[in-house]
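Okay, so here's the structure we're looking at.
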Amino acid sequence: MKKHLLSSTTGLLAAVAILAWSGQVSAQGQPAPGGQGGAPPGGPPRPPPLLMTTTAFEDGGVIPDKYTQAAGAMAPSPELKWSQVPMGTQSFVLLMHDPEPVLNKGSKMDITHWLIWNIPGTATGLPEGVPADTRPDGSRQVSLRSNGYMGPGAPPGPYHHYTFELYALDIKLDVPQGTPQQAAETRNAVVNAMDGHVLGKAVLVGRFHR
């Protein structure tokens, strides 16, 4: 009886090993995801995520003074590139903000350094030194101090993490151009209008302090 049981067990283990090797089951004896092809169950593979890069600094690295208030109020914006755009993208929104406001001054929202919306869905990036005000392509922009880019200006002390967020949308936004004094209201209006229309998001972070 023991000999028969051992023979059956050995045969079962051999069968599982063969199936695992062929991709039909995992090494634990469970069905392998997607069978032999390895594709996710329930449909085709997910599209790759939206990506954003810059040659100005490494993601998570220090932003050069050239792009900050250390170089003056008219410091240029860094060049940005993006790829792997989701299908159906009609426009992009770019938000650059400092999530570490000066809390002891009673800030209720972190600092909006750059908000630009209605970038055409065919765009693959932004050049260095984007001029202020409405652009020829119809995109609009605002920051706390101007209708354009405002470079990082954190005081001496801990690094602030300036976060660039790129959103791919399936619509264009009907949000009017605001003034620097209305930067917070304009940002809220853009965020509210984006709700339910985001196809993808990419994030890039740079650090700075004086």
L144 vs. criteria open to solvent by 20 Å² or more (accessible area, probe 1.4 Å), under 22 Å from L169 (Cβ atoms), touching a Ser or Thr at 6+ places or on another chain (Cβ under 6 Å) and among the hydrophobic types (A, V, I, L, M, F, W, C): no
Residue count, segment 165-188 (criterion: within 19 Å of the chain's Cα centre (by Cα), part of a loop (DSSP other than H, G, I, E, B) and of a type outside the set (A, V, I, L, M)): 2
Count of segment 160-169 residues which are surrounded by fewer than 17 Cβ atoms within 10 Å (Cβ to Cβ) and closer than 29 Å to M87 by Cβ: 1
Residue within segment 80-95 that is more than 30 Å from R46 (Cα to Cα), in a loop (DSSP other than H, G, I, E, B) and either hydrophobic (A, V, I, L, M, F, W, C) or in contact (Cβ under 8 Å) with a residue 60 or more places away in the chain (or both) present: no
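In segment 149-164, what count of residues is obtained for those that are at negative phi and in a loop (DSSP other than H, G, I, E, B)?
10
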Among the residues listed as P49, P45, the single one being at pLDDT 70 or above, open to solvent by 80 Å² or more (accessible area, probe 1.4 Å), within 30 Å of D174 (Cβ to Cβ) and part of a loop (DSSP other than H, G, I, E, B): P49
Test: residue in segment 178-201 that is touching a strand residue (DSSP E or B) at 6+ places or on another chain (Cβ under 9 Å), open to solvent by less than 30 Å² (accessible area, probe 1.4 Å), hydrophobic (A, V, I, L, M, F, W, C) and within 21 Å of T54 (Cα to Cα): no
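Only one of these is surrounded by fewer than 19 Cβ atoms within 10 Å (Cβ to Cβ) and at pLDDT 95 or above: G125, G157. Name it.
G125
The values are calculated or read from the model by the stated rules, or taken from the named source; none is laboratory data. Because the structure is a prediction, the values reported are computed rather than measured. Positions of Cβ are backbone-derived with ideal geometry, glycine not excepted, and every protein chain shown enters the neighbour counts. Please note that ligands, DNA and RNA were not included when accessible areas were found on the heavy atoms of the full protein model with its side chains. Shrake-Rupley method; radii C 1.70, N 1.55, O 1.52, S 1.80 Å.
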